[in-house]
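The values are calculated or read from the model by the stated rules, or taken from the named source; none is laboratory data. Everything numeric here is computed off the predicted structure, so don't read it as measured data. Glycine also receives a Cβ, built like all others from the backbone with ideal geometry; neighbour counts cover every protein chain displayed. For the accessible areas, the whole protein counts, side chains as well, though only heavy atoms, and no ligand, DNA or RNA atoms are used. Shrake-Rupley method; radii C 1.70, N 1.55, O 1.52, S 1.80 Å.
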Amino acid sequence: KGLSGFYEKRFKDMGFGEKGSERRKQYFELFAPVLEVIVAAREPPPLSVLLEATGKEDYELEDVLAEISTFLKIEKRENEEPRYTFTHQSFSDWITNRLDKNKSFAVKKEKGHTAIAKAFVRILEEDDSDEKEGVEGYWKMNGVYHVAESVDGCKEILKKGEEVLNFRWGDEGMSVLHCAASLGREKVVEKLLEKIDVNHQTRRRNG
């Protein structure tokens, strides 16, 4: 059956195949959120991002990563946390049903964007500095992107104060509104227009 057949057999071998079973319930409660974050991540997420976005305990996440290690590639960069991605694009396609051959175990990429977006908003809110200088690494470079990709993430940031709402992303100082507009996320843009300053310019001063 090719790679799709291999993936399906491997998941069934892990015990996830029986509908209504406790093991299958565990898959959607424990495993699916981790897969959703990895598949949605703009770049391979480090362990701390997986922990924050999924809300899992260290030991829970460790167990999940160990069980799905067949499908994972770990990137190790000097003086940085290990980062996790999938070994092959075909697995990403299969797990999100883009191959149209996986209905039983498919996860939703949108949920991954929402999970990362909500975690990012929490981290922004916890940073007391005016320029949010404590927001670093993956969050600083990619957090706004995930909010712009997620209607629910957008709703979350709209509940917060001006400093959080107007966080600037990247060297050009793009806001969530700039990012959502560039991605063509009309529903997110509509939500943001209810509250955000539409006249704010990027550092290039081009609106």
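If the condition is being over 18 Å from the mean Cα position of the chain (by Cα), of a type outside the set (Gly, Ala, Ser) and either part of a helix (DSSP H, G or I) or surrounded by fewer than 17 Cβ atoms within 10 Å (Cβ to Cβ) (or both), then region 102-123 contributes only LYS103. Scanning region 169-207 for residues that are assigned to a loop (DSSP other than H, G, I, E, B), modelled with pLDDT under 90 and either aromatic (Phe, Trp, Tyr) or within 19 Å of the chain's Cα centre (by Cα) (or both) returns GLY170, SER175. When residues of region 104-117 are filtered for being in contact (Cβ under 8 Å) with a residue 60 or more places away in the chain and either out of contact with any helix residue (DSSP H, G or I) (no Cβ under 9 Å at 6 or more places or on another chain) or not aliphatic (A, V, I, L, M) (or both), how many remain? Adding up the residues that qualify gives 8. Evaluate region 21-36: report whether one residue or more is over 24 Å from SER150 (Cα atoms) and surrounded by 15 or more Cβ atoms within 10 Å (Cβ to Cβ). Checking region 21-36: at least one residue is over 24 Å from SER150 (Cα atoms) and surrounded by 15 or more Cβ atoms within 10 Å (Cβ to Cβ).
Would you be able to say whether some residue in region 23-39 is assigned to a loop (DSSP other than H, G, I, E, B) and over 10 Å from the mean Cα position of the chain (by Cα)? Scanning region 23-39 turns up no residue that is assigned to a loop (DSSP other than H, G, I, E, B) and over 10 Å from the mean Cα position of the chain (by Cα).
Restricted to region 51-77, and to residues there that are in a strand (DSSP E or B) and in contact (Cβ under 8 Å) with a residue 12 or more places away in the chain, the residue that is nearest to ASN142 (Cα to Cα) is GLU75.
Results for (1) open to solvent by 90 Å² or more (accessible area, probe 1.4 Å); (2) not acidic (Asp, Glu); (3) not in a helix (DSSP H, G or I), shown as yes or no for each residue.
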residue	(1), (2), (3)
LYS9	yes, yes, no
PHE16	no, yes, yes
ARG42	yes, yes, yes
VAL49	no, yes, no
ASN79	yes, yes, yes
TYR84	no, yes, yes
SER92	no, yes, no
ASN97	no, yes, yes
